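Take a look at the structure set out below.
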Amino acid sequence: MGSSAGSWRGLEDSDREETDSEPPAPPLDGQSAQWKNAVGFWILGLCNNFSYVVMLSAAHDILKQEQASGNQSHAVLLADILPTLVIKLLAPLGLHLLPYSPRVLVSGVCSAGSFILVAFSHSVGLSLCGVVLASISSGLGEVTFLSLTAFYPSAVISWWSSGTGGAGLLGSLSYLGLTQAGLSPQHTLLSMLGIPVLLLASYFLLLTSPEPQDPGGEDEAETAARQPLIGTETPESKPGSSWDLSLQERWTVFKGLLRYIIPLVLVYFAEYFINQGLFELLFFRNTSLSHAQQYRWYQMLYQAGVFISRSSLHCCRIRLTWVLTLLQCLNLVFLLADVCLSFLPSIYLIFIIVLYEGFLGGAAYVNTFHNIALETSDKHREFAMEAACISDTLGISMSGVLALPLHDFLCHLP
(Lines give C-alpha, C1' and ligand atoms only; values in the text may rest on other atoms or scores of the structure.)
Protein backbone atom coordinates (compact mmCIF):
# COMPACT_ATOMS: atom_id res chain seq x y z
CA MET A 1 0.00 0.00 0.00
CA GLY A 2 3.02 2.21 -0.60
CA SER A 3 1.33 4.80 -2.80
CA SER A 4 -1.73 4.93 -0.59
CA ALA A 5 0.14 6.58 2.25
CA GLY A 6 -1.41 9.92 1.42
CA SER A 7 -4.92 8.54 1.85
CA TRP A 8 -3.96 7.20 5.28
CA ARG A 9 -2.93 10.66 6.49
CA GLY A 10 -6.47 11.32 7.60
CA LEU A 11 -6.42 8.14 9.68
CA GLU A 12 -7.01 9.89 12.97
CA ASP A 13 -10.01 11.78 11.58
CA SER A 14 -11.66 8.65 10.18
CA ASP A 15 -11.12 6.89 13.51
CA ARG A 16 -12.76 9.71 15.41
CA GLU A 17 -15.77 9.92 13.17
CA GLU A 18 -16.01 6.10 12.87
CA THR A 19 -17.10 6.40 9.27
CA ASP A 20 -16.74 3.72 6.64
CA SER A 21 -13.69 3.95 4.43
CA GLU A 22 -12.68 2.31 1.20
CA PRO A 23 -11.32 -1.24 1.54
CA PRO A 24 -7.54 -1.16 2.03
CA ALA A 25 -5.29 -2.21 -0.79
CA PRO A 26 -3.47 -5.54 -0.42
CA PRO A 27 -0.44 -5.09 1.90
CA LEU A 28 3.04 -4.90 0.47
CA ASP A 29 5.53 -7.63 1.11
CA GLY A 30 6.78 -7.10 4.67
CA GLN A 31 10.43 -6.67 3.73
CA SER A 32 9.58 -4.21 0.95
CA ALA A 33 7.39 -2.15 3.28
CA GLN A 34 10.12 -2.05 5.95
CA TRP A 35 12.66 -0.71 3.47
CA LYS A 36 10.25 1.87 2.03
CA ASN A 37 9.47 3.15 5.51
CA ALA A 38 13.14 3.12 6.51
CA VAL A 39 14.17 5.13 3.45
CA GLY A 40 11.11 7.35 3.81
CA PHE A 41 11.88 8.33 7.39
CA TRP A 42 15.57 8.83 6.59
CA ILE A 43 14.63 11.27 3.79
CA LEU A 44 12.11 13.02 6.05
CA GLY A 45 14.79 13.51 8.71
CA LEU A 46 17.29 14.74 6.12
CA CYS A 47 14.91 17.20 4.45
CA ASN A 48 13.39 18.46 7.70
CA ASN A 49 16.76 19.58 9.07
CA PHE A 50 18.60 20.14 5.78
CA SER A 51 16.58 23.22 4.85
CA TYR A 52 17.08 24.64 8.31
CA VAL A 53 20.87 24.15 8.30
CA VAL A 54 21.36 25.55 4.79
CA MET A 55 19.05 28.50 5.25
CA LEU A 56 20.63 29.51 8.55
CA SER A 57 24.10 29.53 6.97
CA ALA A 58 22.78 31.68 4.14
CA ALA A 59 21.10 34.08 6.56
CA HIS A 60 24.45 34.69 8.23
CA ASP A 61 25.94 35.44 4.81
CA ILE A 62 23.16 37.92 4.08
CA LEU A 63 23.67 39.59 7.45
CA LYS A 64 27.38 39.83 6.71
CA GLN A 65 26.65 41.48 3.36
CA GLU A 66 24.32 43.92 5.12
CA GLN A 67 27.08 44.58 7.68
CA ALA A 68 24.81 43.54 10.52
CA SER A 69 25.77 44.39 14.06
CA GLY A 70 26.41 41.91 16.85
CA ASN A 71 22.90 42.55 18.19
CA GLN A 72 21.44 41.60 14.82
CA SER A 73 23.50 38.41 14.84
CA HIS A 74 21.98 37.61 18.22
CA ALA A 75 18.57 38.30 16.66
CA VAL A 76 19.27 35.49 14.20
CA LEU A 77 19.68 33.09 17.12
CA LEU A 78 16.39 34.28 18.65
CA ALA A 79 14.54 33.97 15.34
CA ASP A 80 16.13 30.56 14.96
CA ILE A 81 15.02 29.08 18.27
CA LEU A 82 11.90 30.90 19.56
CA PRO A 83 9.35 29.71 16.94
CA THR A 84 10.47 26.10 17.40
CA LEU A 85 10.28 26.47 21.18
CA VAL A 86 6.72 27.85 21.03
CA ILE A 87 5.58 25.08 18.65
CA LYS A 88 7.03 22.33 20.83
CA LEU A 89 5.61 23.81 24.02
CA LEU A 90 2.10 24.00 22.54
CA ALA A 91 2.20 20.73 20.57
CA PRO A 92 1.18 18.38 23.41
CA LEU A 93 -1.84 20.60 24.17
CA GLY A 94 -3.57 20.59 20.80
CA LEU A 95 -1.43 19.75 17.78
CA HIS A 96 -2.78 16.18 17.81
CA LEU A 97 -6.18 17.57 16.78
CA LEU A 98 -4.78 18.44 13.34
CA PRO A 99 -4.39 15.66 10.76
CA TYR A 100 -0.85 14.88 9.68
CA SER A 101 -1.21 15.96 6.05
CA PRO A 102 -1.88 19.67 6.73
CA ARG A 103 1.01 19.76 9.20
CA VAL A 104 3.41 18.30 6.65
CA LEU A 105 2.18 20.69 3.94
CA VAL A 106 2.71 23.70 6.23
CA SER A 107 6.19 22.45 7.08
CA GLY A 108 7.08 22.06 3.39
CA VAL A 109 5.66 25.46 2.43
CA CYS A 110 7.52 27.19 5.26
CA SER A 111 10.74 25.48 4.22
CA ALA A 112 10.37 26.66 0.62
CA GLY A 113 9.36 30.12 1.83
CA SER A 114 12.49 30.41 3.94
CA PHE A 115 14.67 29.68 0.90
CA ILE A 116 12.86 32.21 -1.26
CA LEU A 117 12.78 34.97 1.37
CA VAL A 118 16.46 34.73 2.21
CA ALA A 119 17.46 34.33 -1.45
CA PHE A 120 15.77 37.60 -2.43
CA SER A 121 16.43 39.43 0.83
CA HIS A 122 17.90 42.92 0.68
CA SER A 123 17.41 43.69 4.35
CA VAL A 124 18.06 42.20 7.74
CA GLY A 125 14.32 42.08 8.44
CA LEU A 126 13.55 39.83 5.48
CA SER A 127 16.48 37.58 6.34
CA LEU A 128 15.15 37.19 9.86
CA CYS A 129 11.70 36.34 8.46
CA GLY A 130 13.38 33.58 6.47
CA VAL A 131 15.02 32.27 9.65
CA VAL A 132 11.63 32.29 11.39
CA LEU A 133 10.02 30.29 8.56
CA ALA A 134 12.84 27.74 8.65
CA SER A 135 12.44 27.44 12.40
CA ILE A 136 8.69 26.86 12.05
CA SER A 137 9.30 24.26 9.36
CA SER A 138 11.91 22.39 11.37
CA GLY A 139 10.04 22.51 14.68
CA LEU A 140 6.66 21.54 13.25
CA GLY A 141 8.28 18.83 11.14
CA GLU A 142 10.15 17.27 14.06
CA VAL A 143 7.07 17.15 16.28
CA THR A 144 4.97 15.73 13.44
CA PHE A 145 7.34 13.06 12.20
CA LEU A 146 8.46 11.86 15.63
CA SER A 147 4.83 11.46 16.73
CA LEU A 148 4.17 9.70 13.42
CA THR A 149 6.71 7.02 14.37
CA ALA A 150 4.14 5.78 16.91
CA PHE A 151 2.33 4.16 13.97
CA TYR A 152 5.41 2.24 12.82
CA PRO A 153 7.93 -0.26 14.23
CA SER A 154 10.38 1.50 16.52
CA ALA A 155 13.21 0.83 14.03
CA VAL A 156 12.10 3.88 12.02
CA ILE A 157 13.27 6.11 14.88
CA SER A 158 16.83 5.11 14.06
CA TRP A 159 16.33 5.99 10.38
CA TRP A 160 14.71 9.33 11.20
CA SER A 161 17.53 10.19 13.61
CA SER A 162 20.18 9.20 11.07
CA GLY A 163 18.56 11.46 8.47
CA THR A 164 18.51 14.43 10.84
CA GLY A 165 22.17 13.81 11.67
CA GLY A 166 23.06 13.63 7.99
CA ALA A 167 21.29 16.93 7.39
CA GLY A 168 23.72 18.84 9.59
CA LEU A 169 26.74 17.44 7.76
CA LEU A 170 25.39 17.37 4.19
CA GLY A 171 23.53 20.66 4.52
CA SER A 172 26.54 22.69 5.62
CA LEU A 173 28.90 20.95 3.18
CA SER A 174 26.56 21.38 0.19
CA TYR A 175 26.03 25.07 0.88
CA LEU A 176 29.76 25.62 1.36
CA GLY A 177 30.60 23.57 -1.75
CA LEU A 178 28.16 25.37 -4.05
CA THR A 179 29.18 28.84 -2.87
CA GLN A 180 32.87 27.93 -3.16
CA ALA A 181 32.18 26.69 -6.69
CA GLY A 182 31.10 30.19 -7.65
CA LEU A 183 27.34 30.26 -7.04
CA SER A 184 26.04 33.24 -5.09
CA PRO A 185 24.18 32.56 -1.82
CA GLN A 186 20.95 33.55 -3.60
CA HIS A 187 21.40 31.09 -6.48
CA THR A 188 22.57 28.39 -4.08
CA LEU A 189 19.36 28.72 -2.09
CA LEU A 190 17.14 28.71 -5.16
CA SER A 191 18.89 25.55 -6.39
CA MET A 192 17.80 23.81 -3.19
CA LEU A 193 14.07 24.38 -3.54
CA GLY A 194 13.83 20.71 -4.45
CA ILE A 195 14.41 19.78 -0.80
CA PRO A 196 10.86 20.68 0.36
CA VAL A 197 9.50 18.88 -2.71
CA LEU A 198 11.48 15.77 -1.78
CA LEU A 199 10.12 15.95 1.77
CA LEU A 200 6.52 16.05 0.54
CA ALA A 201 7.13 13.29 -2.01
CA SER A 202 8.66 11.04 0.65
CA TYR A 203 5.71 11.55 2.98
CA PHE A 204 2.87 11.23 0.48
CA LEU A 205 4.34 8.74 -1.98
CA LEU A 206 6.97 6.64 -0.21
CA LEU A 207 5.71 5.86 3.29
CA THR A 208 3.37 2.90 3.50
CA SER A 209 0.31 2.56 5.67
CA PRO A 210 1.64 1.35 9.04
CA GLU A 211 -1.21 -0.97 9.95
CA PRO A 212 -0.32 -4.06 7.86
CA GLN A 213 3.21 -4.35 9.28
CA ASP A 214 2.56 -3.11 12.81
CA PRO A 215 4.30 -4.32 14.96
CA GLY A 216 6.36 -6.14 12.38
CA GLY A 217 9.90 -5.16 11.59
CA GLU A 218 11.05 -5.63 15.16
CA ASP A 219 13.36 -8.42 16.17
CA GLU A 220 12.38 -10.77 18.98
CA ALA A 221 14.60 -9.08 21.55
CA GLU A 222 13.09 -5.70 20.81
CA THR A 223 9.54 -7.05 20.94
CA ALA A 224 10.31 -8.63 24.30
CA ALA A 225 11.70 -5.30 25.50
CA ARG A 226 8.36 -3.62 24.89
CA GLN A 227 7.25 -3.50 28.51
CA PRO A 228 5.27 -0.28 28.92
CA LEU A 229 6.50 1.57 31.98
CA ILE A 230 5.01 4.95 31.08
CA GLY A 231 1.22 4.79 30.95
CA THR A 232 -0.90 1.69 31.24
CA GLU A 233 -1.96 -0.68 28.50
CA THR A 234 -5.66 -1.35 27.92
CA PRO A 235 -7.20 -3.92 25.59
CA GLU A 236 -8.55 -1.26 23.27
CA SER A 237 -5.32 0.76 23.15
CA LYS A 238 -3.82 1.36 19.75
CA PRO A 239 -1.04 3.56 18.39
CA GLY A 240 -2.12 7.05 17.53
CA SER A 241 -5.15 7.20 19.81
CA SER A 242 -3.68 9.96 22.00
CA TRP A 243 -6.36 12.38 20.81
CA ASP A 244 -8.78 11.02 23.45
CA LEU A 245 -6.41 11.27 26.42
CA SER A 246 -7.64 13.30 29.36
CA LEU A 247 -5.54 16.08 30.83
CA GLN A 248 -4.88 13.88 33.85
CA GLU A 249 -3.59 11.08 31.63
CA ARG A 250 -1.37 13.51 29.73
CA TRP A 251 0.09 14.85 32.96
CA THR A 252 0.72 11.33 34.25
CA VAL A 253 2.50 10.33 31.04
CA PHE A 254 4.52 13.56 31.03
CA LYS A 255 5.71 12.97 34.59
CA GLY A 256 6.85 9.52 33.56
CA LEU A 257 8.79 11.05 30.66
CA LEU A 258 10.79 13.41 32.88
CA ARG A 259 13.48 10.79 33.51
CA TYR A 260 14.23 10.96 29.78
CA ILE A 261 13.43 14.62 29.13
CA ILE A 262 15.67 16.09 31.84
CA PRO A 263 18.86 14.23 30.81
CA LEU A 264 18.29 15.17 27.15
CA VAL A 265 17.70 18.82 28.09
CA LEU A 266 20.99 18.86 30.00
CA VAL A 267 22.88 17.14 27.17
CA TYR A 268 21.75 19.81 24.71
CA PHE A 269 22.39 22.57 27.24
CA ALA A 270 26.02 21.50 27.64
CA GLU A 271 26.40 20.77 23.91
CA TYR A 272 25.17 24.13 22.68
CA PHE A 273 26.86 26.00 25.50
CA ILE A 274 30.09 24.66 24.00
CA ASN A 275 29.01 25.41 20.41
CA GLN A 276 27.63 28.91 21.00
CA GLY A 277 29.87 30.12 23.79
CA LEU A 278 33.24 28.38 23.48
CA PHE A 279 33.96 27.36 19.86
CA GLU A 280 35.09 30.84 18.78
CA LEU A 281 37.30 31.13 21.87
CA LEU A 282 39.15 27.84 21.27
CA PHE A 283 41.71 29.50 19.01
CA PHE A 284 45.20 28.12 18.36
CA ARG A 285 47.95 30.27 16.87
CA ASN A 286 50.43 27.41 16.37
CA THR A 287 48.60 26.08 13.29
CA SER A 288 48.24 27.04 9.65
CA LEU A 289 44.45 27.26 10.01
CA SER A 290 42.93 30.71 10.33
CA HIS A 291 40.46 31.52 13.11
CA ALA A 292 37.52 31.13 10.71
CA GLN A 293 38.89 27.85 9.36
CA GLN A 294 39.32 26.46 12.87
CA TYR A 295 35.71 27.35 13.67
CA ARG A 296 34.46 25.65 10.49
CA TRP A 297 36.46 22.51 11.35
CA TYR A 298 34.88 22.44 14.81
CA GLN A 299 31.41 22.67 13.28
CA MET A 300 32.09 20.00 10.67
CA LEU A 301 33.58 17.54 13.16
CA TYR A 302 30.71 18.15 15.55
CA GLN A 303 28.16 17.45 12.80
CA ALA A 304 30.09 14.33 11.76
CA GLY A 305 29.96 13.01 15.32
CA VAL A 306 26.23 13.68 15.52
CA PHE A 307 25.58 11.89 12.23
CA ILE A 308 27.62 8.82 13.18
CA SER A 309 26.02 8.41 16.60
CA ARG A 310 22.47 9.09 15.40
CA SER A 311 23.02 6.28 12.90
CA SER A 312 24.41 3.86 15.50
CA LEU A 313 21.26 2.50 17.13
CA HIS A 314 21.50 -0.84 15.31
CA CYS A 315 25.02 -1.30 16.72
CA CYS A 316 24.74 0.19 20.19
CA ARG A 317 21.70 0.83 22.36
CA ILE A 318 21.98 2.77 25.61
CA ARG A 319 19.28 2.58 28.27
CA LEU A 320 21.02 4.75 30.89
CA THR A 321 21.01 8.03 28.97
CA TRP A 322 21.91 10.01 32.10
CA VAL A 323 25.48 8.65 31.66
CA LEU A 324 25.67 10.59 28.36
CA THR A 325 24.48 13.69 30.20
CA LEU A 326 27.23 13.38 32.78
CA LEU A 327 29.91 12.91 30.12
CA GLN A 328 28.68 15.90 28.11
CA CYS A 329 28.70 18.13 31.21
CA LEU A 330 32.28 17.02 31.89
CA ASN A 331 33.10 18.04 28.31
CA LEU A 332 31.70 21.50 29.00
CA VAL A 333 33.71 21.92 32.20
CA PHE A 334 36.92 20.69 30.53
CA LEU A 335 36.63 22.99 27.50
CA LEU A 336 35.63 25.98 29.63
CA ALA A 337 38.73 25.38 31.73
CA ASP A 338 40.86 25.30 28.59
CA VAL A 339 39.38 28.59 27.37
CA CYS A 340 40.38 30.19 30.67
CA LEU A 341 43.75 28.48 31.17
CA SER A 342 44.86 27.44 27.64
CA PHE A 343 46.51 24.22 28.80
CA LEU A 344 45.85 22.06 25.71
CA PRO A 345 48.93 22.13 23.44
CA SER A 346 47.35 21.15 20.11
CA ILE A 347 44.21 21.88 18.14
CA TYR A 348 44.01 18.19 17.22
CA LEU A 349 43.11 17.39 20.81
CA ILE A 350 40.20 19.84 20.49
CA PHE A 351 39.20 18.15 17.22
CA ILE A 352 38.94 14.81 19.04
CA ILE A 353 36.93 16.32 21.90
CA VAL A 354 34.52 18.10 19.51
CA LEU A 355 33.95 14.88 17.56
CA TYR A 356 33.30 13.13 20.89
CA GLU A 357 30.89 15.91 21.85
CA GLY A 358 28.90 15.21 18.69
CA PHE A 359 28.93 11.47 19.47
CA LEU A 360 27.41 12.07 22.90
CA GLY A 361 24.73 14.47 21.67
CA GLY A 362 23.62 12.27 18.79
CA ALA A 363 23.58 9.13 20.94
CA ALA A 364 21.49 10.86 23.60
CA TYR A 365 18.90 11.94 21.00
CA VAL A 366 18.36 8.62 19.24
CA ASN A 367 18.49 6.46 22.39
CA THR A 368 16.12 8.72 24.30
CA PHE A 369 13.38 8.51 21.70
CA HIS A 370 13.98 4.81 21.12
CA ASN A 371 13.65 4.12 24.85
CA ILE A 372 10.47 6.19 25.03
CA ALA A 373 9.00 4.20 22.12
CA LEU A 374 9.76 0.95 23.93
CA GLU A 375 8.51 2.01 27.35
CA THR A 376 5.23 3.72 26.52
CA SER A 377 1.95 1.96 25.96
CA ASP A 378 0.44 1.97 22.48
CA LYS A 379 -2.26 4.41 23.53
CA HIS A 380 0.23 6.93 24.93
CA ARG A 381 3.13 6.56 22.50
CA GLU A 382 2.12 9.28 20.01
CA PHE A 383 1.61 11.83 22.79
CA ALA A 384 4.86 10.78 24.52
CA MET A 385 6.96 11.29 21.39
CA GLU A 386 5.27 14.65 20.81
CA ALA A 387 5.84 15.83 24.38
CA ALA A 388 9.49 14.72 24.55
CA CYS A 389 10.34 16.83 21.48
CA ILE A 390 10.70 19.88 23.72
CA SER A 391 13.91 18.47 25.25
CA ASP A 392 16.51 19.53 22.68
CA THR A 393 14.98 22.94 21.99
CA LEU A 394 14.64 23.75 25.69
CA GLY A 395 18.27 22.82 26.28
CA ILE A 396 19.42 24.94 23.34
CA SER A 397 17.36 27.90 24.56
CA MET A 398 18.77 27.67 28.07
CA SER A 399 22.31 27.48 26.74
CA GLY A 400 21.76 30.54 24.55
CA VAL A 401 20.62 32.59 27.52
CA LEU A 402 23.88 31.85 29.36
CA ALA A 403 26.40 31.13 26.62
CA LEU A 404 26.15 34.42 24.71
CA PRO A 405 26.72 36.68 27.76
CA LEU A 406 29.55 34.40 28.93
CA HIS A 407 31.11 34.53 25.44
CA ASP A 408 31.06 38.34 25.54
CA PHE A 409 32.49 38.34 29.07
CA LEU A 410 35.35 35.99 28.20
CA CYS A 411 36.16 38.04 25.10
CA HIS A 412 36.81 41.09 27.29
CA LEU A 413 39.07 39.32 29.75
CA PRO A 414 42.69 40.58 29.70
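The values are calculated or read from the model by the stated rules, or taken from the named source; none is laboratory data. Predicted model, so just to flag it, every value in this text is computed and none were measured. Reconstructed Cβ throughout: ideal geometry from the backbone, glycine too, with neighbour counts over all protein chains shown. All accessible areas refer to the heavy atoms of the entire protein, side chains included, with ligands and DNA or RNA removed. Shrake-Rupley method; radii C 1.70, N 1.55, O 1.52, S 1.80 Å.
Counting only helices (runs of 4 or more DSSP H) that sit wholly inside the stretch 296-414, those with at least 2 residues that are basic (Lys, Arg) are 378-388.
Within the stretch 78-89, is even one residue farther than 16 Å from Ala134 by Cβ, assigned to a helix (DSSP H, G or I), aliphatic (A, V, I, L, M) and under 17 Å from the mean Cα position of the chain (by Cα)? Break it down stepwise before answering.
First, pick out the residues of the stretch 78-89 that are farther than 16 Å from Ala134 by Cβ: 89.
Right, trim to assigned to a helix (DSSP H, G or I) and you get 89.
Now narrow it down to the ones that are aliphatic (A, V, I, L, M): 89.
Applying the additional criterion that residues be under 17 Å from the mean Cα position of the chain (by Cα) yields 89.
Checked against the condition, which is being farther than 16 Å from Ala134 by Cβ, assigned to a helix (DSSP H, G or I), aliphatic (A, V, I, L, M) and under 17 Å from the mean Cα position of the chain (by Cα), the stretch 78-89 yields at least one hit.
Where helices (runs of 4 or more DSSP H) sit wholly within the stretch 118-198, those with at least 2 residues that are closer than 30 Å to Ala373 by Cα and touching a residue at least 12 places away in the same chain (Cβ under 8 Å) occupy 124-148, 155-180. Take the conditions (1) within 15 Å of Val354 (Cα to Cα); (2) open to solvent by 30 Å² or more (accessible area, probe 1.4 Å); (3) assigned to a helix (DSSP H, G or I); Ala292 misses just one of them, which is (1). Does Ile390 qualify as being under 23 Å from Leu324 (Cα atoms), in contact with a helix residue (DSSP H, G or I) (Cβ under 9 Å, 6 or more places away or on another chain), open to solvent by 10 Å² or more (accessible area, probe 1.4 Å) and modelled with pLDDT of 90 or more? The answer is yes for Ile390.
Do we have any residue at all in the stretch 324-336 that's surrounded by fewer than 24 Cβ atoms within 10 Å (Cβ to Cβ), in contact with a strand residue (DSSP E or B) (Cβ under 6 Å, 6 or more places away or on another chain) and more than 25 Å from Leu169 (Cβ to Cβ)? No, the stretch 324-336 contains no residue that is surrounded by fewer than 24 Cβ atoms within 10 Å (Cβ to Cβ), in contact with a strand residue (DSSP E or B) (Cβ under 6 Å, 6 or more places away or on another chain) and more than 25 Å from Leu169 (Cβ to Cβ). Within the stretch 91-128, being of a type in the set (Val, Ile, Thr), at pLDDT 95 or above and surrounded by 22 or more Cβ atoms within 10 Å (Cβ to Cβ) holds for one residue alone: Val104.
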